[in-house]
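I have placed the structure first, in the form of structure tokens, so that the comments after it can refer back to it.
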Amino acid sequence: MLTPALVPRPLWGRSVYNRLPRKQWESLRRTVLEVAANTCTHCAEQYDSHMVCHEVWTYDDVKHVATLTAFEIVCRDCDSVLHLGKSLLIGAKKHDEGSAERGDEAVKQLMKVSGITKRQANTLIDDAFGRWMDRSKHKTWAVKIARELIERHPVLASLTLRPRQAGMPVLLFSSFKTSCFMLNILSSKKKTDRNVCPTGGHY
């Protein structure tokens with residue numbers, strides 16, 4: 001199911017995309033892209049370019065373990081839902097109609113792909129931000145890569161997903177509307193990290 005994939009604050013930057021050398025990442029991406037036949041996992045649209053290789057993470061909220069379980073190919077529209085925080089920040093940085101409009105576009109895509117109402121979509125987003133808020137309160141997370149994924153992509157065997165350097169405050173948003181408001185403020189004051197967004201997505 002398509003829903004925002006909000007990465008807990010202590011895990012920002014701890015991704016294969018950020019840690020794997022560019023050539024190795026591009027090779028891995030091409031492999032995943034070929035298997036997917038340039039087809040988005042969520043909406044089934046096909047594009048010849050600009051497809052995103054998305055990392056799928058699961059979270060054990062009792063043991064506080066984050067596990068990379070898969071890679072999936074997604075289109076830009078579905079990626080705007082998965083990395084909702086990135087969509088909001090890009091909107092603000094480009095000085096278009098603001099981050100709220102980017103958020104609206106993501107909500108429309110979520111509604112379209114999932115066949116749900118706007119109220120249901122906003123509820124899903126608020127729930128996702130709520131989980132992100134709870135998970136971000138726990139500062140220590142162990143990170144694992146699923147054995148099956150390593151067998152499929154041996155380049156991951158020796159990869160260490162070290163913590164990103166500290167430098168940004170913990171941002172805890174109580175709702176989707178609050179997140180839009182706060183991200184506008186942060187972007188205008190240039191307090192955000194160039195390579196990271198509040199959902200851990202990469203640029």
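Numerical summary
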item: Residue within the range 170-177 that is over 30 Å from Val32 (Cα atoms), modelled with pLDDT under 90, under 19 Å from the mean Cα position of the chain (by Cα) and outside any loop (DSSP other than H, G, I, E, B) present; result: yes
item: The one condition in (1) surrounded by 15 or more Cβ atoms within 10 Å (Cβ to Cβ); (2) more than 22 Å from Val7 (Cβ to Cβ) that Gln120 fails to fulfil; result: (1)
item: Single residue of the range 63-108 satisfying the filter (basic (Lys, Arg) and modelled with pLDDT under 85) that is surrounded by the most Cβ atoms within 10 Å (Cβ to Cβ); result: Arg102
item: Residue under evaluation Ile150, criteria (1) more than 18 Å from the chain's Cα centre (by Cα); (2) in contact (Cβ under 8 Å) with a residue 24 or more places away in the chain; (3) surrounded by 15 or more Cβ atoms within 10 Å (Cβ to Cβ), criterion not met; result: (2)
item: Ser27 being out of contact with any strand residue (DSSP E or B) (no Cβ under 9 Å at 6 or more places or on another chain), hydroxyl-bearing (Ser, Thr, Tyr) and within 19 Å of Arg152 (Cα to Cα); result: yes
item: Subset of the range 44-60 that is within 20 Å of Trp12 (Cα to Cα) and out of contact with any helix residue (DSSP H, G or I) (no Cβ under 7 Å at 6 or more places or on another chain) - its residue that is surrounded by the most Cβ atoms within 10 Å (Cβ to Cβ); result: Trp57
item: Pairs where the first residue, in the range 9-35, is at positive phi and the second is in a helix (DSSP H, G or I), C-beta under 9 Å, 6+ apart; result: Gly13/Arg19
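The values are calculated or read from the model by the stated rules, or taken from the named source; none is laboratory data. Please read these numbers as outputs of a predicted model, since none were measured by experiment. When we count neighbours, we look across all protein chains shown, and the Cβ atoms used for this are built from the backbone with ideal geometry, even at glycine.
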